[in-house]
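The values are calculated or read from the model by the stated rules, or taken from the named source; none is laboratory data. Quantities reported herein were computed from a predicted structural model and do not represent experimental measurements. Glycine also receives a Cβ, built like all others from the backbone with ideal geometry; neighbour counts cover every protein chain displayed.
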Amino acid sequence: MTTAPHTDLADLAGGWVNFDTTAIGIRLVDAVADGGRLALSIAEGGPGVPDTHTALAATPLVDAGGDGPAVGFLAEGRLGARTAILCGYLNRGLLTIDVHTAHPDDQRMPPVMYRAHYYRPGLAQPPEPPEGAPLP
């Protein structure tokens, strides 16, 4: 599945860092436009967990009107030994990813879902204080 060629992927493209530095799971996501899709490079890890890197292709998603810039993505594939579905979406300039994983090779392990929030390094802080806020 691909997105219409005129879909703007710029808002999703780039590097994204997990706000929760203590979490185990996806720490970094790099998204690059690849034709009508996004090429995701995913770094997983956490305290006491070795880092892994995975490449996944993602289908960009647009708002219900069907036109305009991409506001999210859907990706399916393997993250290590797990099968995964990632649904990412932009919310106020941040990226939220709902991660659903299952262990097909070990049925004793239950499916897992978690949600993580990502920011763009250097863009996480507003360029100026909100209106009415005291200046430093």
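For the stretch 62-84, the set of residues classified as within 26 Å of THR7 (Cα to Cα), without any contact (Cβ under 8 Å) to a residue 60 or more places away in the chain and surrounded by 17 or more Cβ atoms within 10 Å (Cβ to Cβ) consists of ALA75, ALA84, listed by residue number.
Taken together, the residues in the stretch 21-37 that are surrounded by 17 or more Cβ atoms within 10 Å (Cβ to Cβ) and either of a type in the set (Asp, Glu) or within 11 Å of the chain's Cα centre (by Cα) (or both) amount to 5. Checking ALA133 against (1) exposed (fewer than 10 other Cβ atoms within 10 Å of the Cβ); (2) at pLDDT 90 or above, only one condition comes out false. Which one? Every listed condition holds for ALA133 apart from (2). Restricting the first member to the stretch 93-112 and to residues that are closer than 13 Å to ALA81 by Cα, and the second to residues that are charged (D, E, K, R) and surrounded by 15 or more Cβ atoms within 10 Å (Cβ to Cβ), the beta-carbon pairs closer than 6 Å and six or more apart or on different chains are THR101/ARG82; HIS103/ARG82. Annotation: GLN107 fulfils all but one of (1) at pLDDT 90 or above; (2) surrounded by fewer than 10 Cβ atoms within 10 Å (Cβ to Cβ); the unmet one is (1).
Keeping to the stretch 1-55, report how many residues are among the hydroxyl-bearing types (Ser, Thr, Tyr) and in contact with an Asp or Glu (Cβ under 9 Å, 6 or more places away or on another chain). Full working, then the answer.
As a first pass, look at the stretch 1-55 and keep what is among the hydroxyl-bearing types (Ser, Thr, Tyr): 2-3, 7, 21-22, 41, 52, 54.
In the following step, the residues that additionally are in contact with an Asp or Glu (Cβ under 9 Å, 6 or more places away or on another chain) were identified as 7, 41, 52, 54.
Total satisfying the criteria: 4.
This table checks each residue for (1) on the phi < 0 side of the Ramachandran plot; (2) out of contact with any Ser or Thr (no Cβ under 9 Å at 6 or more places or on another chain); (3) not hydroxyl-bearing (Ser, Thr, Tyr).
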{"position": "THR7", "(1), (2), (3)": "yes, yes, no"}
{"position": "VAL17", "(1), (2), (3)": "yes, yes, yes"}
{"position": "THR21", "(1), (2), (3)": "yes, yes, no"}
{"position": "VAL49", "(1), (2), (3)": "yes, yes, yes"}
{"position": "ALA75", "(1), (2), (3)": "yes, no, yes"}
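Do we find that ILE42 is surrounded by 15 or more Cβ atoms within 10 Å (Cβ to Cβ), free of Cβ contacts under 8 Å to residues at least 60 places away in the same chain and hydrophobic (A, V, I, L, M, F, W, C) in this structure? Yes; evaluated as a whole, the condition is true for this residue.
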